[in-house]
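Reviewing the structure listed below.
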Amino acid sequence: MSLLSVLVVLLCVLTLALGAVLVVVVQRLSDARADLAAEQGRSAQLEADLDAALRPRPASTATERAVRRVFETATRVREHGIAGLLERSLEDLTSWAADERTEIVNLAAADGTVTLLFSDIEGSTSLNDKLGDAAWVRLLAAHDQLVRSRVDRYRGQVVKTAGDGFMVAFRDAEAACRAALGIQKDLGRSLDLRLRPVRVRIGIHTGTVVSRDGDYFGRNVAMAARVADKAVGGEVLASSAVLSALDDDAAVMLFKAADVELRGLPGRHDLYRVERRRATL
């Protein structure tokens, strides 16, 4: 057999071998594509199931709403830092609009007035620095629960919150004053060690307000916030409008505390310290 014949035979054998290898490779590629498609389908289904499981549903109970607020606060701290969270001061409550508002029930008294309560934690920035972010978030959650418990007891409505501050609406002045004193009493007697260093300042004012989209605006909102600005930790201050709105047999008493100027509001204003008349709070 000549050399050329041998080369031809070898070339044929090599071609057949390569063909067989190519068939195997193509088959394996086809199998791999099928496995990949199946895996992608399972992955997509898993992702859809996970998304459905994690998609938030509306909170149906007060407990669920409270837990959700804690996690939302923790998320804001993680995303923006505690400094960003604390930028929302008591003053900011007069204009800040929440992403998820609570629908405000009709709280106006017969004369069209609403009593507003503003509160915040005294020295919150330094307290946060002392405790650390994690402990501070837990403290806020305990404080939130305590305040809301008293607000619910006296049928108030939380209009909005910002950091450690609350804006609350009440139908009548006495209910607001009793809720405020109750908050201070609960803080002083709480067995929750997280609340031991907390001192809350509270201001109350009664007047007509502008209601829009579940929020309150107007001069009297600013007035209530300014009254709270003048309070110290553990104190409840009220305006002369609150004094006028109280019945003679109210369970609280108001004592003249100061004659002050309130930033942004003309003239001078009498402020009164709120105290309980009898142990019914």
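Can you work out the PRE-style zone for ASP247? Point 7 Å along Cα to Cβ, and I want the residues of region 170-185 with backbone N under 20 Å. Backbone N within reach: 170-182. Other residues whose C-beta falls under 12 angstrom from the C-beta of ARG155 contribute a net charge of +1, scoring Lys and Arg +1 and Asp and Glu -1. Charge tally around ALA175: other residues with Cβ under 11 Å, Lys/Arg +1 each, Asp/Glu -1 each, net +3. Over the C-alpha atoms of region 153-281, the Rg to Rh ratio, Rh being the Kirkwood estimate, stands at 0.95. Taking other residues whose beta carbon is less than 13 angstrom from the beta carbon of LEU243, and scoring Lys, Arg as +1 and Asp, Glu as -1, yields -3.
Counting beta carbons within 10 Å around each of LEU117, LEU265 and listing the fewest first gives the order LEU265, LEU117.
No lab work stands behind these numbers, since they all come straight from the coordinates. Predicted, not measured: the structure shown is a model, and the values here were computed from it. Cβ: placed from backbone, ideal geometry, glycine included. Neighbour counts: every protein chain shown.
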